[in-house]
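Just so it is clear, none of the values below were taken in a lab; they were calculated from the coordinates. What you are looking at is a predicted structure, and each value in this text was computed from that prediction instead of being measured.
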Amino acid sequence: MNEIKEIRDTVKMDQEVQWKCKVAEVTAERDVVKAERDVLKTKEAELKMERDVLKTERDMIKKERDGLLAKIARL
């Protein structure tokens, strides 16, 4: 009876060790994915800022064009 209990305890400890290893692996993978996500978010923010700059430049060019067209129309 005592031997069965020892075997049961040994199996239980082995299972706990396996689960702890698996949890550590998954946690490490999660951390990598989070880091990749943060890099992508930063890149997204950079691209949005660049897009906004380009839109501003486009709007300035359109405004300049409209002014020139109005000037030509008055001639």
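Kirkwood hydrodynamic radius, segment 1-42, all distinct C-alpha pairs: what's the number in Å?
About 12.6 Å for segment 1-42.
What Kirkwood hydrodynamic radius, in Å, does the chain give when the mean of 1/r is taken over all pairs of distinct Cα atoms and then inverted?
Its Kirkwood hydrodynamic radius stands at 18.5 Å.
Working from Cα positions, state the angle (0 to 90°, nearest 10) between the long axis of helix 2-74 and the longest principal axis of the chain.
Between helix and principal axis, roughly 0 degrees.
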